[in-house]
Structures are given as structure tokens and as C-alpha cells.
1. How big is the Kirkwood radius of region 226-316, worked out from every pair of different alpha carbons and given in Å to one decimal?
2. Take every DSSP beta bridge with both residues inside the chain and express the antiparallel ones as a percent of the total, to the nearest 5.
3. Running Debye on region 1-147 with equal point scatterers at the Cα sites and no solvent, what base-10 log of I(q)/I(0) appears at q = 0.19 Å⁻¹?
4. Can you tell me how region 150-300 classifies by the Cα gyration tensor, rounded, prolate or oblate, using a/c under 1.5 as the rounded cut?
5. Taking every pair of distinct Cα atoms and averaging 1/r, then inverting, what Kirkwood hydrodynamic radius in Å comes out for the chain?
6. Could you state the angle between the C-alpha long axis of helix 111-121 and the longest principal axis of the C-alpha atoms of the chain, as a value from 0 to 90 degrees rounded to the nearest 10?
7. If I ignore ligands, DNA and RNA and count only protein heavy atoms, how much of S93 is accessible to a 1.4 Å probe, in Å² to the nearest 10?
8. Given a 1.4 angstrom probe, I'd like the percentage of the accessible area of the chain that is carbon and sulfur, rounded to a whole number.
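The values are calculated or read from the model by the stated rules, or taken from the named source; none is laboratory data. All of these numbers come straight from a predicted model, not from anything done at the bench. Note: ideal-geometry Cβ built from the backbone for every residue, glycine included; neighbour counts use all protein chains shown. Only protein heavy atoms, including side chains, enter the accessible area calculation; ligands, DNA and RNA are left aside. Shrake-Rupley method; radii C 1.70, N 1.55, O 1.52, S 1.80 Å.
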Amino acid sequence: MRDGRDGRDGRDGRWPAVSVVIPTRDRPELLRRAVRQVLDQRYPGEIECVVVFDQSEPAEVPVELSERRRLRCVGNQRTPGLAGARNAGVLASTGELVAFCDDDDEWLAGKVAKQVEVLGDHPEAALVACGVFVHYGGRVTERLPPPGPVPVEQFLRNRIMEINPCTILVRRQALLGPIGLVDEELPGSYYEDYEWLLRAARVAPVMVVPEPLVRIHWHATSFFAERWHTIVSAIPYLIDKHPELRGDRVGMARLEGQLAFAHAALGERRVARRWAASALRRNWRERRGYVALAVSARLLRAETVLRLAHSMGKGV
């Protein structure tokens with residue numbers, strides 16, 4: 001552990017200590033940028049940055065430390081993958097508040113301070129999110145979450161991708177208590193963030209800083225067959241764990257549309273059409289149903305749809 005403190009405490013009622021968990025694997029330059037922007041936050045309290053090396057040996061991150069800034073590098077001794085790495089970081093951290101950051105994300109300098117102020121003004125709240133800038137293919141899209149507090153009913157209807165895990169600041173007591181850690185049983189860690197948010201929003205509505213404070217970089221990812229199989233396994237797991245999802249027709253149509261799209265991408269045309277039909281019966285406006293039908297009919301390629309969606313700062 002490296003420590004940039006000069007002996008003063010840094011913990012007080014107004015500016016509690018914040019731990020930031022950054023999982024990483026084989027991206028040293030991106031990691032260094034992410035760590036530097038976490039440690040350079042304009043925040044008078046203490047910030048502890050915990051870097052979790054997933055499926056690789058911990059290594060030093062060459063950054064300068066200033067007063068009230070600490071850096072720890074640990075290995076993921078839990079389930080390999082994002083969920084296990086995040087949990088390993090949480091359990092290795094010490095801050096009263098905990099935040100997540102991916103190794104290719106960039107935090108704007110005022111993120112932590114603005115979110116801490118919101119939690120200070122709302123002692124009943126367990127966590128706070130903010131908006132994002134989505135970077136993809138040379139294009140930047142601003143995405144703002146709905147006005148807070150955001151209740152669980154909104155998450156049942158809509159994933160709300162703007163409330164990204166890398167925008168979250170959560171009270172440690174709630175994270176280790178009624179909310180719980182990230183689910184490491186989800187196939188491929190797919191939708192681990194959404195599953196966690198469903199649990200979190202049940203504990204208390206999610207507060208929001210209504211401005212983008214994180215830059216998220218999406219990359220041209222190849223969605224190979226194994227990834228589509230992961231999606232096909234993960235969504236039924238999610239629905240079984242949260243049966244209340246079945247009570248919202250629009251939300252279920254969204255999930256069934258995603259299942260339809262994944263099956264279509266795998267070339268499983270009959271199954272894709274069955275899920276698409278179910279999604280459209282629930283909600284005829286569900287665009288994923290129509291897109292899945294087009295992919296299953298080989299009128300569109302799944303990769304083309306993904307690139308177009310990402311260029312607009314959206315998922316599928």
C-alpha cells in the first residue's frame with residue numbers, strides 16, 4: 001500500500017473517506033489514466049483507490065500521491081471476472097463510502113465531492129448516481145439519468161443505462177448490509193450491475209446528480225458466440241432471481257427482446273422469433289423485437305445493429 005497522507009486524519013463528518021474500486025486486466029495505460037483521475041478529484045476528504053488485478057498478478061501503478069490519497073493494488077482471490085473483482089475490492093477497502101470505476105473510464109474532477117454533498121443532504125439515501133458522456137468511434141453522447149430519487153419501479157421497467165455502476169457512490173454500511181455484494185453467480189457477470197441496482201433500489205430510491213461526471217469509453221467489441229450464449233443464460237437467471245420483473249409488461253418485453261436478439265445473433269431463428277413475438281405481445285413498441293426479427297430473417301447483421309446503437313450511445 002502506498003500512502004500520500006502527511007499524518008492528518010482526513011475523516012470528518014462533512015467529507016467522509018471514499019474508497020474507489022477499479023477492476024483491471026492487462027490494460028496498464030488505461031488503468032493509469034483512470035487511477036490518476038480518481039486520485040486527482042477535487043475532494044478535501046480522503047480517497048483510497050483499490051486496484052484489483054483480475055486473473056493477473058498485481059503490479060505497481062506509477063502515479064503520484066498527494067495528501068489524503070492512498071493507492072492499494074490487490075489480486076482477485078474470488079470468482080474470476082468483473083463481479084468477483086469488484087467484491088474483492090470492496091472487501092479490501094476501508095472507506096465509509098464506496099465507488100466503482102472501470103479501468104477505461106474517466107472521472108470529471110468534481111464527481112466525488114458533488115455526490116458526497118447529495119448523500120450528506122439525504123441521510124436516508126443509500127447511494128447516488130450521475131450522468132455520463134459515452135465515447136464511441138470518435139463520437140460523444142451525453143446521457144443523463146431521470147431526476148432522482150429513482151424508485152425500484154423505474155428500474156423494473158427500464159435498465160436506465162445512465163445509472164452505470166461507474167457512476168455509483170454507495171454507503172459502505174448499506175453495501176455490506178441490506179443491499180449486499182455483487183452477485184458472482186450470474187453467468188459471465190452479464191447484467192451484474194442491473195441485478196445489483198434492483199436490490200439497491202429496493203433498499204432506498206437512488207439519488208442523482210443531474211449532470212454527466214463520468215466519461216465511459218465503449219470499444220468495438222466482437223460479440224462472439226460464447227457471449228451470446230452468456231446473455232441467453234443470464235437473463236432467465238435474472239428473471240428467476242427477481243420475479244417482480246414479470247409484473248411490468250414493458251420491462252419484460254425489453255428483456256424478452258434482448259433474448260430474441262441474442263438467439264437471432266446465434267442463428268437460432270425459430271427461438272428468436274418466438275421470443276420476439278412474446279416481447280411484441282407484451283409491448284408492440286419494443287424495438288428489440290422488430291430488430292431480432294430482421295436479424296433472424298438475415299435482413300440485418302447483429303454486429304451492424306450493435307455498432308449503430310453504440311454510435312448513438314445506446315445498448316441493445
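1. Roughly 12.9 Å, rounded to one decimal.
2. 35 percent
3. -1.22
4. Prolate, since a/c reaches 1.5 and a/b exceeds b/c.
5. Mean inverse Cα-Cα distance, inverted, gives 20.3 Å.
6. 90 degrees
7. For S93, the solvent-accessible surface is approximately 10 Å².
8. Using a 1.4 Å probe with all protein chains present, the chain comes out at 51 percent carbon and sulfur.
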